[in-house]
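Asker: Below you'll find the structure I mean.
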Amino acid sequence: MLKVGITGGIGSGKTTVCQVFEKLGVPVYYADQRAKELMEDDPELRAEIKMEFGDNVYDAGGKLNRKLLADIVFKDEEKLVKLNSLVHPAVFKDNQSWNEVLAKKGYPYTLREAALLVETGSYRTLDKLIVVSAPEDDRINRVMARDGSTREQVVARIKAQMPEEQKVKYADYIIYNDRVMDLVPEVTKIHIDLMNLN
């Protein structure tokens, strides 16, 4: 079974592209969403986070205080690196188990959707990489509409990420999500190609 990654900058439309793949019957592992779940559901990871950031990052019911944790890690680069060093291996292990189950079910390939596949180097553990690219103005408008952020906040988040032109250098496939091209034929073409690789 092939393991395929899908990534792109904030607001590029990764989730929309993944939904098209899902309609074609492809299982998608949403790594960032799963990381949030594991931070609450995985007892080992929860214990490590408490040890590093204090018991008060979780409430009495075991719910993670995301705002408090974000305030800690985004003010201190070292703490952010530490948090990632705890969360990324847990997500990787969880993703591996997920893939093993689907391989037994006979799926030709799975998708792993994550914002930082290139930055973390985890794209190297995958067979193919899809990068979703979109014009910056489209990306800004999408994130403003989705999160209620200001233009300045979105631009700052884009500037903090790896530039898109750098990301596409690692891609086996690029999907241009510019609202002019229909995504379905683009995704279908890649889907057929991946099915033929197996």
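Every number in this text was worked out from the coordinates using simple rules, so none of it is lab data. Note that the structure is predicted; figures quoted are calculated from it, not measured. Cβ coordinates were reconstructed from backbone atoms using ideal geometry, including for glycine residues, and neighbour counts include every protein chain displayed.
Asker: Residues to consider are E40, E48, E44, E52; find the one that is touching a residue at least 24 places away in the same chain (Cβ under 8 Å), over 24 Å from L2 (Cβ atoms) and touching a strand residue (DSSP E or B) at 6+ places or on another chain (Cβ under 8 Å).
Answerer: Every option except E40 fails the conditions.
Asker: I need the full set of residues from region 78-101 which are free of Cβ contacts under 8 Å to residues at least 12 places away in the same chain and not basic (K, R), in order please.
Answerer: Correct list: E78, L80, V81, S85, P89, Q96, S97, E100, V101.
Asker: Scan region 3-35 for residues that are within 22 Å of A90 (Cα to Cα) and free of Cβ contacts under 8 Å to residues at least 12 places away in the same chain and jot them down.
Answerer: The answer is Q33, and nothing else.
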